[in-house]
Every structure is written in structure tokens, then in C-alpha cells.
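Written out below as C-alpha cells is the structure these notes cover.
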């Protein structure tokens, strides 16, 4: 490791330690009275966008457990034919923090319909069919939510593990996803 990388490493280490001391300076846990949230997520678990509802289902000290579900519709245009396909992301996440600022870790299942082109080797014709597909989104991110409710924001890295359903052939990992959510907690 050259000198430049050592300085960068120690600077990042210093920032992490400084942030952790700042996070422990809060003295008392705050109970969340606004346990529900409605928000728009761009990117994230659904891939493009989704309208979501979330609820804090358990809280103890700094730890809160949240369950959420959403809905979205995507259009797929193929051969001058447009098909609307539903997407349903469901997620369980853990929030760690005392008041407004939280580390969020979670995972879920996103089920969706998609179109697949097939080929019939006997008739030499292509087939266009709608099939069920699903993925397992993971989440690590930041969440801003006031205990008493109001403005809600979160940002996260959300890679997706696709599993073989609906004609898919093998498991795959898609690391290039992230999401932003804005809404209201109440």
C-alpha cells in the first residue's frame, strides 16, 4: 500500500470513528409514535419505481423492525404491442438508530410479470408469452424518519439476486441497483 492509500485509509477510519462517537452522544431512546409511512421509491426493490406502504412492527431501544409492501406497473412494448406488467416488492428491514437517523438493513422478495420470447423448433415460429418472475433484493442504506412523523427519506444500495423462475435458466446477481424514497410518516 503506497503512502497516498495509507492516508486515505486512516482518513476514512477517522471519519467512521468520529461518526460513531457522534451517534452515541444521544442519551435516551425515542419511541416512535409515527409507525406508518407512505412513500414513492425510485429504483430500489421494484427496479424502476413503486408506491409503498411501510410500518414499524417492533421497536426496542435503538432497534426497529419495519415491514413494507408496494406496487408498480411497467409497460413492455414489443412488436408494436404494449403490455402492462405488475410488480410487487415486499421487504423486511431493521433500522438501527436512536432518533431521526438510522442505518437500514433489509431483504425482501419482488415478484413481477415479464415477457419472454420463445422459439418452437417444430413450427419455426416465435412465441411471446407473459411469465412470472421474482428476485430477492437486499438493502443497506440510510433512513431519515422522525419519531413523531412528517417528512420521510431514505437512500440505499439494493443489489438483487434473481432466481430461476418463469423460464429463467440460472441464478444471477445484479449488483447495480440503488434506490431513493421520499414520503410521509404518520
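When restricted to residues that are outside any strand (DSSP E or B) and without any contact (Cβ under 8 Å) to a residue 60 or more places away in the chain, region 142-186 contains 12. Only residues that are buried (at least 20 other Cβ atoms within 10 Å of the Cβ) and farther than 19 Å from residue 31 by Cβ were counted across region 139-159, and they come to 5.
Evaluating residue 123 against the criteria (1) within 21 Å of residue 74 (Cβ to Cβ); (2) modelled with pLDDT under 95 leaves one unmet condition, (1). Candidates 174, 104: the one that is under 17 Å from residue 89 (Cα atoms) and at pLDDT 95 or above is 104.
Conditions first: (1) modelled with pLDDT of 95 or more; (2) closer than 20 Å to residue 50 by Cβ. Residue 114 passes all but one, so which condition is the exception? Exception for residue 114: condition (1).
Of the listed requirements (1) out of contact with any helix residue (DSSP H, G or I) (no Cβ under 9 Å at 6 or more places or on another chain); (2) assigned to a strand (DSSP E or B); (3) at pLDDT 80 or above, residue 139 misses just one: (1).
For the list (1) farther than 20 Å from residue 70 by Cβ; (2) touching a strand residue (DSSP E or B) at 6+ places or on another chain (Cβ under 7 Å); (3) assigned to a loop (DSSP other than H, G, I, E, B), I need the number of the one condition that residue 118 fails. Condition not satisfied by residue 118: (3). Please tell me if residue 104 is in a strand (DSSP E or B), in contact with a helix residue (DSSP H, G or I) (Cβ under 7 Å, 6 or more places away or on another chain) and surrounded by 13 or more Cβ atoms within 10 Å (Cβ to Cβ). No. The single condition among (1) surrounded by 13 or more Cβ atoms within 10 Å (Cβ to Cβ); (2) farther than 19 Å from residue 170 by Cβ that residue 122 does not satisfy is (1).
The values are calculated or read from the model by the stated rules, or taken from the named source; none is laboratory data. The structure displayed is predicted, hence computed values, not measured ones. Every residue, glycine as well, gets a Cβ built from its backbone with ideal geometry; the counts of neighbours run over all protein chains shown.
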